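Encoded as structure tokens, the structure appears first; notes follow it.
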Amino acid sequence: MTELFGVPTQALFGQLLIGLINGAFYAMLSLGLAVIFGLLNIINFTHGAQYMMGAFCSYFLLQYAGVGYWWSLLLAPIVVGATGIVIERTMLARLYKLDHLYGLLLTFGLALVIQGLFTNYYGSSGLPYRIPEELTGGINLGFMFLPKYRAWVIVASIVICGATWYVIERTKLGSYLRAATENRALVQAFGINVPRMITLTYGFGVGLAAFAGVMAAPIYQVNPQMGANMIIVVFAVVVIGGMGSILGAIVTGFGLGVIEGLTKVFYPEASNTVIFLIMVIVLLIKPAGLFGKER
Amino acid sequence: MARSASAVIVETTPVAVAAGDAAVTASRERRRFAIATVVMAAAFAIAPHVGVYPVFLMKALCFALFACAFNLLIGFGGLLSFGHAMFLGTAGYVSAHAAKVWGAPPELAIAAGTAAAALLGVVAGALAIRRQGIYFAMITLAFAQMIFFFCLQAPFTHGEDGIQSVPRGRLFGFIDLSSTLAMYYVVLAIFLLAFLLIYRVIHSPFGQVLKAIKENEPRAISLGYDAERYKLLAFILSATLAGLAGATKAIVFQLASLTDVHWTMSGEVVLMTLLGGMGTIFGPVVGAFAIIGLENYLAGFGQWVTVITGAIFVVCVLAFRRGIVGELGAWWAGRRR
């Protein structure tokens, strides 16, 4: 067996792959958080629960309606995004004039309600979700075995992140969005319906979380608690990357996933805490985050 | 001391008449606080003799102290910490370890736990106050999660089992704490002392400056106050008192476990404070009793507790932001007018 840095290459590349997978989810979730934060100035604590709802939605679609993976990849984000829009219209919209911390508290409460309800009905053990047939099996790359589904997750999340970046940074719609982030009142004065844009942005961010949830279902199983621990790591990712740039969120997400994976190879005891340690170091050197701007 | 507190107000208030009014209101407020505190202390002293279960009271008092410590930071410093469980839990582990493994008497065990929380407060606070608002909340949360994983893996915490059957011992060598009633009065004394300390801090010049920073930080800085230092001190003080609650709790229940370092505990203390009334003195106490009572009542309903807790959060934020004590205070003030 070949070795690299005193570690069998199999293990090294295996963990690197797991790191990339985790990184893909960190990137998608922190991207959604960053988009929502940019316009609403709210940290969406419900994000983890909405990611979990995405996974459950695809499970329900398969179980009760016979709708397969590919359709639920489209439908689940729409359904969960719609619940997000309802939340925004009925609750979050009342809080914009108040201290931003109330948004955090409200979404935290909502996350508890949603997670509690799902745990009540589905227990805390995971429900299995089968990998779609087209993506079962894997490719032997010579130095490692690459399951097709995992390759798909990485590629798909890069495409989705790239598309989001493109829409926000390079299209007219995106320019409205960025302008409203800078100065809401002025954009409204130009006749653009900012409240509707805010609602749709929240729906989109939530949909992105649900999309990540559907992709995660075959890998991590469908579990009511799946988002709870994820969201805290994603918060640390957001602090490290800073909320300033979309690209920053994506790069930080993938990068930290890989670092976490590598830590599992070289010093497994620290694999759970390494992201938080990096956060501490970044705070000491660059408090605004790697890609953030001081506001 | 109290006079110099109002002196700070005089300095910043241009109208002297307003300052005179403020002094009258302050003395009236002080009297009202004294009466309310005596009533509260008397009620707690009698409670176990009129049929209230002392173990429940001790639990609620520990959480009330925890919530008061948290409220010092959010209600008077404007800093929302989402990781206060790390102080509660760490102090619990250290005091349980000291009492069980080192055989320390309870007063030293509690002191050791409190000191550990203070130390953690220095480190976490120095980092967290580098960012504000939402970032502050996220950083404290992430920090607490790091401590959680540390407690999960460190050998002395015994992972999922926690530190069990911690001896209560003899306080100062002669008060046997294995008697529930003796333990109860010790907890009550600790709570009341910490409660008075918090009141004193809030009404000291230090507390006034803290309030000024909360209201308008750039202005406080322009007046020459070192805002970072004040915030850090408030953070350390809050961490220390949260640690005192955790250390006491570990001795009372003879157990230190992962529940106390988990992020749900950080959320719970936010809820207690929010429900009781952020920035009010008695609010956290009321909130803690309400939530602990509710959990006691709903203990058999499993996950419904989480759902109801979350729902209370939502209702409080949407319709009830002043909390129980805050709403009562507003109603009282409105009626007098």
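Numbers at a glance
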| item | result |
| --- | --- |
| Efficiency of FRET between B:Ala319 and B:Leu108 - r from beta-carbon atoms, R0 45 angstrom, step 0.05 | 0.45 |
| Size of charge dipole - chain B - debye, nearest 20, with Cβ of Lys, Arg +1 and Asp, Glu -1, no other charges | 880 |
| Ranked list, fewest to most other Cβ atoms within 10 Å of each Cβ, for A:Lys286, A:Lys172 | A:Lys172, A:Lys286 |
| Residue mean of other protein chain beta carbons inside 10 Å, B:307-320 | 6 |
| Spatially proximal aspartates and glutamates relative to B:Lys59 (Cα-Cα < 17 Å; intrachain offsets below 8 disregarded) | B:Asp260, B:Glu268, B:Glu295 |
| The stretch B:46-123 and the stretch A:58-131: distance between their alpha carbon centers, rounded to Å | 35 |
| Euclidean distance between Cα centres, the stretch B:289-312 to the stretch B:156-170, Å | 26 |
| Angle between chain B longest axis and helix B:2-12 axis [Cα atoms, degrees, rounded to 10] | 50 |
| Among B:Val186, B:Gly246, B:Ile221 - extreme Cα towards positive end, dipole of the stretch B:186-337, charges at beta-carbon | B:Ile221 |
| Environment charge of B:Thr306, counting only residues whose C-beta is closer than 11 Å and scoring Lys/Arg +1, Asp/Glu -1 | -2 |
| Nearest 10 degrees, 0 to 90: helix B:283-297 Cα axis against chain B principal axis | 30 |
| Value of Rg to Rh for the stretch B:2-336 (Rh from inverse mean 1/r over Cα pairs, i.e. Kirkwood) | 0.97 |
| Tail fraction, Cα-Cα pairs, the protein assembly as shown, threshold 32 Å, whole percent | 52 |
| Sequence ranges B:186-193, B:86-93, B:150-157, A:212-219, ranked by mean other-Cβ count within 10 angstrom, highest first | B:86-93, A:212-219, B:186-193, B:150-157 |
| Residue among B:Thr309, B:Ala26, B:Ala118 farthest towards the positive dipole end of chain B, charges placed on Cβ | B:Ala26 |
| Dipole axis of the protein assembly as shown (+1 Lys, Arg; -1 Asp, Glu on Cβ), positive-most option in A:Ile250, B:Gly89, A:Leu95 | A:Leu95 |
| Crossing angle, helix A:9-40 versus chain A [Cα axis fit, 0-90 degrees, rounded to tens] | 0 |
| Dipole moment magnitude, nearest 20 debye, chain A about Cα centre, only Lys, Arg, Asp, Glu C-beta charged | 680 |
| Tail beyond 25 Å, pair distance distribution of the stretch A:15-285 (Cα, percent) | 45 |
| Which of B:Trp102, B:Trp263, A:Trp152 has the fewest Cβ neighbours within 10 Å, and the rest in rising order | B:Trp102, A:Trp152, B:Trp263 |
| Unsatisfied cross-links (Cα-Cα over 32 Å) in the set B:Lys211/B:Lys249; A:Lys97/B:Lys211; A:Lys97/B:Lys231; B:Lys100/B:Lys214 | B:Lys100/B:Lys214 |
| Residues B:Ser178, B:Ser95, sorted so that the one with the fewest Cβ neighbours within 10 Å comes first | B:Ser178, B:Ser95 |
| Label-point gap, in nm, between A:Asn193 and B:Trp304 - each point 7 angstrom along Cα→Cβ | 4.2 |
| Spatially proximal aspartates and glutamates relative to A:Lys286 (Cα-Cα < 20 Å; intrachain offsets below 8 disregarded) | A:Glu294, B:Glu228 |
| Compactness of the stretch B:79-185, expressed as Rg and Dmax over alpha-carbon positions, Å | 16.0, 48 |
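Read-outs throughout are calculated quantities, based only on the coordinates presented, and are distinct from any laboratory measurement. This is a predicted model, so every value here is computed, not measured. Positions of Cβ are generated from backbone atoms using ideal geometry, with glycine treated the same way; all protein chains shown enter the neighbour counts.
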